[in-house]
Amino acid sequence: MMVCPNCKHNNMAGAMFCAECGAQLLGKDALTTQNISTEQFASSLPKNTQDVYQSFDGQGAWGSIHLLDTGQVLPLSVRNEFTLGRISEGQPIMPDIDLSPYQAYAGGVSRLHAIIKRDGNRILFMDLGSANGSYINGKRLQPNAEQYINHGDIIALGKLKMQVLVKNG
């Protein structure tokens, strides 16, 4: 047990701050910063990293989703179908594209909100019966009904707006 020098509360061994008053339990000299050398990692990287890692410009993607609030671009590649939604802690539901980092909960995005998929040269979008609905260019979609979308269309999952960008060819 560690006794807090400020309030005399007994804290668990190894605690850095008092659970009762928040005071620092370890002396200032007990915590040190270490410099970690990255030289060993740099030498183990492949010489041509462009061949190993896919760049964020969506190279090789058939399309992408441009989040209008943040400017983030999420490439759609490898697969022909993606579920869109948000991860919720303690829930087994996992969308292919997690929009949680982009304020999806505040924007009204459901855990499994919609599907976007490529069908030949055409792109289909379907709302999965979400609580706050989906919109294409301001028009609300019927749940569980596929809708064709085009390059540049604005999709809203609840209040979260994004633009669909499709590569030609």
Subset of segment 96-112 (residues that are over 18 Å from His66 (Cβ atoms) and crowded, with 19+ Cβ neighbours inside 10 Å): Ser110, Arg111
Only unsatisfied item for Ala131, checking (1) within 21 Å of Gly71 (Cα to Cα); (2) touching a Ser or Thr at 6+ places or on another chain (Cβ under 6 Å), is (1)
Give the residues of segment 157-169 that are in contact with a Gly (Cβ under 8 Å, 6 or more places away or on another chain), closer than 15 Å to Ala114 by Cα and part of a strand (DSSP E or B), sorted by residue number. Leu157, Leu160, Gln163, Val164
Pairs only if they're at least six apart or on different chains, beta carbon under 9 angstrom, first in segment 112-125 and free of Cβ contacts under 8 Å to residues at least 40 places away in the same chain, second part of a strand (DSSP E or B) and of a type in the set (Gly, Ala, Ser); list them, first residue then second. Leu112/Gly85; Phe125/Ala114; Phe125/Ser134
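Mind telling me which of the residues Ile123, Ile115 ends up being under 15 Å from Ser64 (Cα atoms), assigned to a strand (DSSP E or B) and at pLDDT 95 or above?
Working: Ile123 fails: at pLDDT 95 or above.
Selected residue: Ile115, the only one of Ile123, Ile115 that is under 15 Å from Ser64 (Cα atoms), assigned to a strand (DSSP E or B) and at pLDDT 95 or above.
Here is a check on your reading of the model: is Val73 in contact (Cβ under 8 Å) with a residue 24 or more places away in the chain and surrounded by 17 or more Cβ atoms within 10 Å (Cβ to Cβ)?
Numbers: in contact (Cβ under 8 Å) with a residue 24 or more places away in the chain: yes; surrounded by 17 or more Cβ atoms within 10 Å (Cβ to Cβ): no.
For Val73, the condition - in contact (Cβ under 8 Å) with a residue 24 or more places away in the chain and surrounded by 17 or more Cβ atoms within 10 Å (Cβ to Cβ) - is not met.
Name the one entry in Lys159, Lys139, Lys117 that is loosely packed, with under 15 Cβ neighbours inside 10 Å and within 20 Å of the chain's Cα centre (by Cα). Working first, answer last.
Values: Lys139 fails: within 20 Å of the chain's Cα centre (by Cα); Lys117 fails: loosely packed, with under 15 Cβ neighbours inside 10 Å.
Testing whether each residue is loosely packed, with under 15 Cβ neighbours inside 10 Å and within 20 Å of the chain's Cα centre (by Cα) leaves just Lys159.
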Residues of segment 148-169 satisfying the condition of being within 12 Å of Ile123 (Cα to Cα) and β-branched (Val, Ile, Thr): Ile149, Val164, Val166
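The values are calculated or read from the model by the stated rules, or taken from the named source; none is laboratory data. Just so we're clear, the structure is a prediction, and the values are computed from it rather than from any experiment. Note that we place each Cβ from the backbone using ideal geometry, even for glycine, and neighbour counts take in every protein chain shown.
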